[in-house]
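Below: one structure, written as structure tokens.
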Amino acid sequence: MVSFLIGNVFLLELNIPLIGLWVRLDRFEPAPQLIGFVLGPMMEEYFRRTMLLSRGDALVLLERPGSALLLAAALLLFVAALVPVARWRAIIHRQTHGKTA
């Protein structure tokens, strides 16, 4: 068990500089990363607690209007973030394959 833990720590230490380089080269914004780093474990804990109390039924998140509205807003924001990426990929695809718009 200890050797498995040491192996995981070693892999993490090897990958941290690569992740940092990727973040710097792709110019990620630091504020959303910090918010995710701080709030992520708390959200995971409350989601796990909700699933335990509802005995694994994820539909409990849709029963109350407030939580359903927040889930819909999160889904809408996620899709809105993917649209520019899809458009950019389509433009790159057209440019590399010689097709004009």
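Enumerate by residue number the GluC sites (Glu not before Pro) in the stretch 1-78 meeting two conditions: DSSP loop (anything except H, G, I, E, B), and at most 10 other Cβ atoms within 10 Å of the site's Cβ.
Glu63
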*Mean residue ellipticity at 222 nm from the helices of the chain, using -39,500 (n - 2.57) per DSSP H segment of n ≥ 4 over the full residue count, to the nearest 500 deg cm²/dmol?*
-28500 deg cm²/dmol
*Give a quick list of trypsin sites (Lys or Arg not before Pro) in the stretch 32-77 that DSSP marks as loop, anything other than H, G, I, E or B, with at most 16 other Cβ atoms within 10 Å.*
Arg55
_For the stretch 20-80, the spread of Cα positions along each principal axis, largest first, Å_ = 42, 25, 14
*Separation in nanometres of the label points that stand 7 Å from Cα toward Cβ, at Thr50 and His93*: 3.4 nm
_Need the full-extension length gain, Val38 to Leu69, defined as separation in residues times 0.36 nm minus the C-alpha distance. One decimal, nm._
8.8 nm
*Integer Hz, Karplus 6.51/-1.76/1.60 couplings in order for the stretch 40-49, x for Gly and Pro*: x, x, 5, 5, 5, 4, 5, 5, 4, 5
_As an exercise, identify the chymotrypsin sites (Phe, Trp or Tyr not before Pro) in the stretch 10-86 lying in DSSP coil whose Cβ has no more than 15 other Cβ atoms within 10 Å._
Phe28
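Only the coordinates and a few stated rules stand behind these numbers; no lab work does. Bear in mind that the values here come from a model prediction, so they are computed numbers and not experimental data. Every residue, glycine as well, gets a Cβ built from its backbone with ideal geometry; the counts of neighbours run over all protein chains shown.
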